[in-house]
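Heads up, the thing below is written out as structure tokens.
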Amino acid sequence: NLNYISQRGSIEDMAIMITESMRKAGIEAVPQALEFSTFYQKAYAHDFDALLGAWSMSAGYTDQAQLWSTEAWKSNGSNFLGFGNAESDSLIRVSNTALDVNDRNEALKQLQAVIYDQTPCVFIFAPRAIVIVSKEFDNVTFYRERPYVAVNTFKKSDQYEETAIVTDSVQ
């Protein structure tokens with residue numbers, strides 16, 4: 001069974017497409033629409049064959065332990081996949097405790113590499129974003145991946161002066 005949350009529009013279409021692709025690979029799967037509470041009850045209890053879900057993160061720093069730590073598996077947390085080992089747990093710990101932003105970012109990059117190498121799940125897509133930040137802020141760093149920009153690093157610019165922009169329209 002491939003569990004997914006019912007009444008989610010394109011999620012049902014994706015579940016059907018995935019089961020058709022699995023069938024071509026010789027794996028029989030049945031899409032199973034579940035109510036929201038039942039889906040998560042089964043996920044937290046590790047009572048499923050496969051599930052189709054969606055994760056999103058904030059633009060600020062996100063603690064990776066909720067989804068990727070071994071403790072979150074043992075305690076029936078949000079690590080539904082059973083992913084993790086001493087190395088990944090150590091990288092999560094460093095990313096959550098490092099005072100230097102470069103050390104934190106390096107630990108997160110290494111964690112991403114471990115997740116990529118071990119492939120505990122299949123990431124179907126990650127949407128791109130267009131980020132616009134006012135010139136009134138300094139210390140803005142853009143990233144190629146989510147969160148695209150870390151809003152908690154913004155600082156009010158001493159150089160910024162609000163000005164009106166006047167344009168002539170041409171018809």
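The values are calculated or read from the model by the stated rules, or taken from the named source; none is laboratory data. Remember, predicted model here, so these are calculated numbers, not experimental data. For neighbour counting, all protein chains shown are included, and Cβ atoms are generated from backbone atoms with ideal geometry for every residue, glycine included. In case anyone asks, the SASA skips ligands and DNA or RNA and just uses the protein heavy atoms, side chains included. Shrake-Rupley method; radii C 1.70, N 1.55, O 1.52, S 1.80 Å.
Close contacts from region 94-115, counting a first residue that is within 20 Å of residue 67 (Cβ to Cβ) and a second that is among the hydroxyl-bearing types (Ser, Thr, Tyr), with Cβ to Cβ under 7 Å and a gap of 6+ residues or different chains, come to 104/95; 107/95; 108/95; 111/88; 111/95; 114/88. For region 76-89, a tally of residues being open to solvent by 50 Å² or more (accessible area, probe 1.4 Å) and at pLDDT 95 or above returns 3. Would you point out the residue of region 20-38, among those that are under 23 Å from the mean Cα position of the chain (by Cα) and polar (S, T, N, Q), that is most open to solvent (accessible area, probe 1.4 Å)? Here the residue is 37.
The set of residues in region 133-163 being open to solvent by 90 Å² or more (accessible area, probe 1.4 Å), over 21 Å from residue 112 (Cα atoms) and either among the acidic types (Asp, Glu) or modelled with pLDDT under 70 (or both) consists of 158, 161, 162, 163. Of the helices (runs of 4 or more DSSP H) that lie entirely inside region 7-99, those containing 2 or more residues that are of a type in the set (Lys, Arg) and either farther than 24 Å from residue 150 by Cβ or touching a Cys at 6+ places or on another chain (Cβ under 6 Å) (or both) span 10-24.
Against the list (1) open to solvent by 60 Å² or more (accessible area, probe 1.4 Å); (2) touching an Asp or Glu at 6+ places or on another chain (Cβ under 9 Å), the condition residue 102 fails is (2). Selection of region 70-101 for residues being within 11 Å of residue 111 (Cα to Cα) and among the hydroxyl-bearing types (Ser, Thr, Tyr) yields 88, 90, 95. I'd like the full set of residues that are in contact (Cβ under 8 Å) with a residue 24 or more places away in the chain and either more than 17 Å from the chain's Cα centre (by Cα) or part of a loop (DSSP other than H, G, I, E, B) (or both), limited to region 116-130. 120, 121, 124 - these are the residues of region 116-130 that are in contact (Cβ under 8 Å) with a residue 24 or more places away in the chain and either more than 17 Å from the chain's Cα centre (by Cα) or part of a loop (DSSP other than H, G, I, E, B) (or both).
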